[in-house]
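Throughout, read-outs are computed from the coordinates displayed, never taken from laboratory work. Everything numeric in this text was worked out from a predicted model, so none of it was measured. When we count neighbours, we look across all protein chains shown, and the Cβ atoms used for this are built from the backbone with ideal geometry, even at glycine.
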Amino acid sequence: MTGAAESAVIRAAASTQPLAGWLLQMRVKFNYTIDDIVDVQLRLLNRSRAARAWRWRNAALTSLLAGAFLFAVIPEGIAGRTVMGTIGLLSGAAVYLALNDVIVKRRLRKWCEENAGSDKTFTCEVELTDSGVHTKSNGTQIIYDWANVNEIKETEDSVDIHFEKGGLVVVRNRAFASLGEHQRFIQLAKQYSDMGRKSSEPNAAS
């Protein structure tokens, strides 16, 4: 996944008209693997309130069961059983959270491999235009409306564009040839996002 052949080169599209100092369109193209797909799914799960609620509910249940089990089977006085029950509560939650992450990741990987077919490497194109965020990957094209952007987040290895109702576009840092291109991409996305948000407000037409 390294090298010039796998790095995306951001280019200005046909239009060269400036928008607040930036080009109207920018396009990025980069390669990704099954590991990247799994990572994106995990990011979506981590932002899901429902998924977090299930995780903590199951952790609490496992913790209570472990604590109750140790409290019941330890042949000690009430003080010793209380100590062991407390240890069971804490260790049960910790073990569940650790194992759950491993299990979820393994299941997601199997699911992604099943749907991805025999290919090991894929190509993703992301283009920012005034009409939205255009993505093309694995034979599928999607357009996300700027008015639905929820957050544009810069992470250690990517630029994440989150949309309402769970949509997510992840642009890996390896897509950018320079820090300047990376920053221009973020700035253009934020400018279009702000414009989309303002245009969707009820009093935008007045």
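By the rule of a C-alpha distance below 18 Å, with chain neighbours fewer than 8 residues away ignored, the lysines paired with LYS190 are LYS153, LYS198. Rg over Rh for the range 101-204 works out to 1.02, using Cα positions for both radii and the Kirkwood form for Rh.
Between LEU24 and GLN17, LEU19, the built amide H atoms are under 5 Å apart, and every one of these is 5 or more places off in sequence or on another chain.
Taking 7 Å along the Cα-to-C-beta vector as the label spot, tell me the GLU156-SER137 distance in nanometres, rounded to one decimal. According to this spin-label approximation, the distance is 2.0 nm. Look at ILE34, ILE142 and count the other Cβ atoms within 10 Å of each Cβ; fewest to most, that gives ILE142, ILE34.
For LYS105, a cut-off of 17 angstrom between C-alpha atoms picks up these aspartates and glutamates, skipping any fewer than 8 places away in its own chain: ASP35, ASP36, ASP39, GLU113, GLU114. Between the amide H of ASN150 and those of HIS162, PHE163, GLU164, distances stay under 5 Å, these residues lying 5 or more places away or on another chain, with hydrogens modeled in the peptide plane. Each residue of the range 134-146 in turn: what ³J(HN,Hα) in whole Hz from Karplus with 6.51, -1.76, 1.60 and θ = phi - 60°, glycine and Pro shown as x? Values per residue, Gly and Pro as x: 9, 10, 9, 7, 6, x, 10, 10, 9, 10, 9, 6, 4 Hz.
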